[in-house]
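Participant: Handing you a structure now.
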Amino acid sequence: MTIASYFLGFVLSSLAGFAFHLWKGGKLGRIVLYLVLSWIGFWGAQILGTSLKIDFLRVGSLLVGFDLFGAMLVLFLGHWLSQIRTDED
């Protein structure tokens, strides 16, 4: 992968995190959480897609379609897990 691919991936995954934050809302801690989750999902999907040779919406060496799907999957899972409350008496 080239530096341009890494930069494009960083921008796209950050946009996914910001868009999720705009949709779900929250304070500064939530936007940081969503950004980190988006980066993890995006680059994790890139590694998985490359190893499985998935070719969905490829831009250069970046698997944009599969990577954004991975980012959104991790964002939804992370948001759902962050909503769990514990009842302490």
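Participant: May I ask you to list the residues in region 1-56 that are assigned to a helix (DSSP H, G or I), out of contact with any strand residue (DSSP E or B) (no Cβ under 6 Å at 6 or more places or on another chain) and of a type in the set (Ser, Thr, Tyr)?
Facilitator: Result: Tyr6, Ser13, Ser14, Tyr34, Ser38, Thr50, Ser51.
Participant: Check off (1) under 26 Å from Trp80 (Cβ atoms); (2) crowded, with 16+ Cβ neighbours inside 10 Å for Phe18 and give me the number that stays unchecked.
Facilitator: Failing condition for Phe18: (2).
Participant: Right, next: Give me a count of the residues in region 57-69 that are without any contact (Cβ under 8 Å) to a residue 24 or more places away in the chain and either aliphatic (A, V, I, L, M) or not in a helix (DSSP H, G or I) (or both). Steps first, answer last, please.
Facilitator: Looking only at region 57-69, we keep the residues that are without any contact (Cβ under 8 Å) to a residue 24 or more places away in the chain, and these are 57-58, 63, 65-66.
Remaining after also requiring either aliphatic (A, V, I, L, M) or not in a helix (DSSP H, G or I) (or both): 57-58, 63.
Matching residues across region 57-69 total 3.
Participant: Please enumerate the residues belonging to region 53-78 that are over 12 Å from the mean Cα position of the chain (by Cα), over 14 Å from Leu8 (Cα atoms) and not hydrophobic (A, V, I, L, M, F, W, C).
Facilitator: Lys53, Asp55
Participant: Give region 1-24 a look and list any residue that's farther than 18 Å from Val59 by Cβ, among the aromatic types (Phe, Trp, Tyr) and more than 11 Å from the chain's Cα centre (by Cα), or say none. Before you say what the answer is, go through the steps one by one.
Facilitator: Narrowing region 1-24 to residues farther than 18 Å from Val59 by Cβ: 17-24.
After this cut, where a residue has to be among the aromatic types (Phe, Trp, Tyr) as well, the list is 18, 20, 23.
Across region 1-24, the qualifying residue is only Trp23.
Participant: Check Gly65, Gly49, Gly41 and return the single one that is surrounded by 14 or more Cβ atoms within 10 Å (Cβ to Cβ) and at pLDDT 95 or above.
Facilitator: Of Gly65, Gly49, Gly41, the one residue that is surrounded by 14 or more Cβ atoms within 10 Å (Cβ to Cβ) and at pLDDT 95 or above is Gly41.
Participant: Among (1) part of a helix (DSSP H, G or I); (2) more than 10 Å from the chain's Cα centre (by Cα), which single condition is Arg85 missing?
Facilitator: Among (1) part of a helix (DSSP H, G or I); (2) more than 10 Å from the chain's Cα centre (by Cα), the lone unmet condition for Arg85 is (1).
Participant: Which residues, counting only those in region 45-68, are of a type in the set (Phe, Trp, Tyr) and more than 17 Å from Tyr6 (Cα to Cα)?
Facilitator: The answer is Phe56, and nothing else.
The values are calculated or read from the model by the stated rules, or taken from the named source; none is laboratory data. Given the structure is predicted, the values throughout are model-derived calculations rather than measurements. Neighbour counts run over all protein chains shown; Cβ positions are idealised from the backbone, glycine included.
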